[in-house]
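Step one of this worksheet: look at the structure below.
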Amino acid sequence: MHDRPTLGETLERQGVSRRGFLKFCVTTASLLALPPTAATAIAEALGQARRPSVIWLSFQECTGCTESLTRSFAPTLENLILETISLDYHHTLQAAAGEAAERAREEAMHANEGQYLVVVDGSLPGPGANPGYSTIAGISNLQMLEETLAGAAAVVAVGSCAAFGGLPMADPNPTGAVPVSKVVRDKPVINVSGCPPLPMVITGVLAHYLTFGRLPELDEYGRPLAFFGQSIHDRCYRRPFYDKGLFAETFDDEGAKKGWCLYRLGCKGPMAYNACATMKWNGGTSWPIESGHPCLGCSEPDFWDAGGFYRALSVPTGDIATTAAVGGLLGAAAGGAAVVKTRRAKADAISAHRPITAEELEQQL
Amino acid sequence: MSETAINSTTEPTVASFSLERGLQAWREEIDAPTAAFFSSCVHCGLCAQACPFFVETGDPKYTPIHKLEPLRRLWEREFTLWGKLKTRLGFSQPIDDALLEEWEPLLYDSCSMCGRCSMVCPVGNDIQYMIRKTREGMVASGHAPEGLIAASVRAVNTGSPMGLQWKTLDVQIKHVETASGLTVPIDQAGADYLVLLSSMEIINFPEYLEAIAKIFDHAEVSWTLSQECFEATNAGVQIGSKDIAAVLVQRVVDAAVKLGVKNVISPECGHAYTGIRWEGPNVIGRAYPFKVFHIIEVLDQLRADGRLRTEGMETDRLSMHDPCNLARKSGVIEQQRHLMKLVAENFIDMKEHGKYQWCCGAGGGVSSNERAEELKMAAFRRKKAQIEEIRPDRLVTMCATCRTQLEEGLEEYTMDIPVVGLTEMIAEHLVEGEPS
Ligand code: SF4
Ligand code: SF4
Ligand code: SF4
Ligand code: SF4
């Protein structure tokens, strides 16, 4: 594959201007939390890079991850990357079918021995499970993964299914699904979780790999820290309401209309690490919490089984349904009065404060 | 005040602290974050795994969030609808002196306010911040440990929690001056830096003052001590009384303003540093007209400016204990490593270091509280395990309390590993007689 054009050449041929390309590199640098000067390095490296081979395997999944990648707004880095990497094999996107498709995979593997990246979306029936639950071209997922990985440089597990087992692994896990990391032993695995992951996170990781020839720094779940380093809660624009204790109690109450915190409606933001709050979705249009829905924590292990989506992480006084019912019984007026009363209790306490002195303390000795 | 005491049946002086006064203090302390924290705890127990007192004793009562139970009860009872209802129906559990007595050791003896629990909580509960708040009510209800009460009284009355007076320091100053041939500047108006000390340094580690004198002479830094305020540790913060804390912080501010200094250097004491740097402006209610640095930050700045010229290298296998207040709570992590690199060629970090390090077990007033001695040594076992993993020849640190605890702990467990202060180590390597 030595006749492959470089990324720079491909882009030029597609009419992407140098300026457009640089802009892409600057964005990537900032997404990866690299200093602005790194943009030049990225441009340099990417421009020179031969189209790297990527083999994309889809196992037990819903295609949401691929959708996420391809449905992003054009022209974006997603498209740039997709068109510039050599996506030599992709179940969903490739035109080839049947034996021709499998041949394409094998060819790509041989031509790029030791160099290509394997991207996996979806989980797979584990070594102990019945392989028949998911096969492609008569080959079990596990076998295909092992074969493909033999000559790979690294594997990127895209989506919460591939990274953590996701929906297929949800209780009671009928297919014995396991995440990619459970079966890969001797290759670096990078988890790009999310259900689906943010498109820019997928491409950001690929761009990082192409530029620096290594994977970015990872957190304890194998996720790139640059994107998964902060919780949704830490970056949520509703956070000031959380800190003031102002919560929406239902999806259509006054609080919801005023944009108060969605914690009590089940928001998992405090324990979800992802970049939605900063990067948003659909070309920066919005993100779940901005559209009024609590965060499901889709980038976290076992989010399907982590209690109900609309159950608060925990509520002040036990069962939220009871609290709400009691609150309803007592009526909004009583609730309001209670708030005023507690505020007054605090204010009274402050004005009644008697400073503690050393003399008083001394009497205790 | 005395008029109201007429109606009182007890002696007014004895009755000054009471359960009700403690509850009032908590009502003052409960704010939106407290409410949010109590409402968000998912009872995952991660904080327990992060706390050296739980990890080393295995006793579930040392679970950090559990230590806050009295405050949580008051919050639930008086600040939540459900709690109010429960109280009215008679379901709520009482908050009485018996409860506070039971919790006193949990709040004081088994928490060094190291902040490790706050760091790991998945919903972001700042537990050590709430321990600090809960202690306010403990003092006001008369449930603070004797050791800390005595330290607070001495701090206010004599200027130092250990009861040291200027004349003791003066003796040390004379020693330093004879040993080094340098003059220790005292009450120098307009100096760039006002240096504060901790009693622990004056008594246990006088070499620290000598090191500062040498380094500042070498780097030509203008500095001074103040006769009016030489001590920066804040027993008020540790016992949990913002009133006492404010008196002590104000003393520093007055001294610094009087001398017109631009910068104040906190001693090698972790709690003194967070007390004067982060908590101080809040307790006195206004910003300082000067900046506060830990000595390590100042030294690293001098290093970066090329004003520390050193020679020779330590060849021993050295490791470092990061004080919680400096590393985890204030983010001073790289600075000490830069300084280490300057003088040590065989430095090895412990597995968990920087913001993840384990507490030595002595901070947050635990070391001034004799009753806590046994727990303090139990908590140290975590540090000991870390040290054993890498077996260094010597340990370096930059907090007098940590250093004392490390020395005592290593002795208790018969481990022959000397502990050195980082500032002293830097001073030993200065290129002599050649100011930069
Ligand atoms: S992670 Fe979510 S979006 Fe991706 S394949 Fe699995 S279920 Fe679909
Ligand atoms: S909406 Fe969710 S993420 Fe945002 S502040 Fe509330 S709890 Fe945190
Ligand atoms: S770590 Fe946080 S959420 Fe978990 S039990 Fe402790 S305080 Fe509660
Ligand atoms: S601050 Fe440190 S010592 Fe205190 S409860 Fe938390 S982890 Fe334990």
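The values are calculated or read from the model by the stated rules, or taken from the named source; none is laboratory data. Being a predicted model, the structure only gives us computed values, none of them experimental. Neighbour counts are summed over all protein chains in view; Cβ atoms, including those assigned to glycine, are modelled from backbone coordinates with ideal geometry. Heavy atoms of the whole protein, side chains included, go into the accessibility calculation; ligands, DNA and RNA do not. Shrake-Rupley method; radii C 1.70, N 1.55, O 1.52, S 1.80 Å.
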- A chain fully extended from A:Thr135 to A:Asp252 at 0.36 nm per residue, minus the present Cα-Cα distance, gains in nm 37.6 nm
- Item | Within the range B:237-328: Cβ-based charge dipole about Cα centre, in debye rounded to nearest 20 (Lys, Arg +1; Asp, Glu -1) | 400 debye
- How far is helix B:207-218 tilted, in degrees, relative to the longest principal axis of the Cα atoms in chain B, given as a value from 0 to 90 rounded to the nearest 10? 50 degrees
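What accessible area per residue comes out for the range B:353-436, rounded to a whole number of Å², with a 1.4 Å probe? Please report the intermediate quantities before stating the final value.
Values: 3400 Å² over 84 residues.
On a per-residue basis, 40 Å².
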- Message: Whole-Hz ³J(HN,Hα) for each residue in the range A:56-65, computed from phi via Karplus 6.51 cos²θ - 1.76 cosθ + 1.60 with θ = phi - 60°, x for glycine and proline: what do you get?
- Response: 10, 9, 10, 10, 6, 8, 10, 6, x, 5
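Classify the protein assembly as shown as rounded, prolate or oblate from the Cα gyration tensor: take a ≥ b ≥ c as the square roots of its eigenvalues, call it rounded if a/c is under 1.5, otherwise prolate when a/b beats b/c and oblate if not. Working shown, then result.
Values: a/c = 2.28, a/b = 1.41, b/c = 1.61.
It comes out oblate by the Cα gyration axes.
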- Item | Chain lengthening between A:Ile350 and A:His110 when straightened (0.36 nm per residue, less Cα-Cα) | 78.9 nm
- Item | Most positive-pole-ward Cα, B:Asn234, A:Tyr89, B:Met113, against dipole of the protein assembly as shown from beta carbon charges | A:Tyr89
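Quick one: net charge around B:Gly421, please, counting Lys, Arg +1 and Asp, Glu -1 for every other residue with C-beta under 9 Å from its C-beta. Walk me through the numbers on the way to the answer.
Numbers: positive: B:Arg403; negative: B:Glu201, B:Glu207, B:Glu268, B:Glu424.
Net charge around B:Gly421: -3.
If you add up the charges near B:Asp322, with Lys and Arg at +1 and Asp and Glu at -1, over every other residue whose beta carbon is less than 12 angstrom from its beta carbon, what do you get? Mind dumping the intermediate values first?
Working: positive: B:Arg116, B:Arg328, B:Lys329, B:Arg337, B:Lys355, B:Lys383; negative: B:Glu334, B:Asp349, B:Glu352.
With Lys, Arg at +1 and Asp, Glu at -1, the net is +3.
Based on the alpha-carbon gyration tensor of the range B:277-355 and its eigenvalue square roots a ≥ b ≥ c, which shape applies: rounded if a/c is under 1.5, prolate if not and a/b is larger than b/c, or oblate? Can you show the working numbers first?
On the way: a/c = 4.18, a/b = 1.64, b/c = 2.55.
The shape class here is oblate.
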- Message: If you restrict to DSSP beta bridges whose two residues both lie in the range A:95-214, what percentage is antiparallel, to the nearest 5?
- Response: 30 percent
- Which percentage, to the nearest 5, of the DSSP beta bridges contained in chain B is antiparallel? 5 percent
- Query: Between their Cα atoms, which of A:Lys268/B:Lys86; B:Lys355/B:Lys383; B:Lys355/B:Lys384 are more than 22 Å away from each other?
  - Reply: A:Lys268/B:Lys86
- For the A:Glu290, B:Ile203 Cβ pair and Förster radius 56 Å, calculated FRET efficiency rounded to 0.05 is 0.45
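Report the extension gain between A:Arg103 and A:Ser30 in nm, rounded to one decimal, defined as 0.36 nm multiplied by the number of residues separating them, less their alpha carbon distance.
Gain on stretching A:Arg103 to A:Ser30: 22.4 nm.
Please give the charge dipole size of the range A:109-206, origin at the Cα centre, charges +1 on K and R Cβ atoms and -1 on D and E Cβ atoms. Round to the nearest 20 debye.
120 debye
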- Across A:227-236, the residue-averaged tally of Cβ atoms belonging to other chains within 10 Å stands at 1
- Message: Counting only Cα atoms, I'd like the Rg/Rh figure for the range A:140-245, Kirkwood definition for Rh.
- Response: 1.05
- Task: Quick one: which residues, 5+ away or cross-chain, put their amide H under 5 Å from the amide H of B:Val264? H built at 1.01 Å from N.
- Result: B:Leu194, B:Lys291, B:Val292, B:Phe293
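Please report the relative contact order for chain B, taking Cα pairs under 8 Å with a sequence separation of at least 6, and give it as a percent rounded to a whole number.
It comes to 17 percent, rounded to a whole number.
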- Listed by chain and number, the residues whose amide H is under 5 Å from that of B:Phe347, excluding neighbours fewer than 5 places away on the same chain and using placed H, are B:Leu318
- Message: Taking the full set of protein chains and a 1.4 angstrom probe, give the accessible area of A:Trp304 in square angstrom, rounded to the nearest 10.
- Response: 90 Å²
- Mind pulling the angle between the C-alpha long axis of helix B:69-79 and the longest principal axis of chain B? Nearest 10 degrees, somewhere in 0 to 90. 50 degrees
- Note down the accessible area of B:His353, probe 1.4 Å, to the nearest 10 Å². 70 Å²
- For chain B, longest principal axis from Cα atoms; helix B:242-259 axis from its Cα atoms; angle between them, nearest 10 degrees, is 30 degrees
- Message: To the nearest 20 Debye, how big is the dipole of the range B:142-283 about its Cα centre, given +1 on the beta carbon of each Lys and Arg and -1 on that of each Asp and Glu?
- Response: 280 debye
- Query: Got a sec? What order do B:Ile276, A:Ile350 fall in by accessible area at 1.4 Å, biggest, i.e. largest, first?
  - Reply: A:Ile350, B:Ile276
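Using r as the Cβ-Cβ distance of B:Asp349 and A:Thr37, and R0 as 22 Å, what FRET efficiency do you calculate, to the nearest 0.05?
Details: r = 29 Å, r/R0 = 1.30.
The value I calculate is 0.15.
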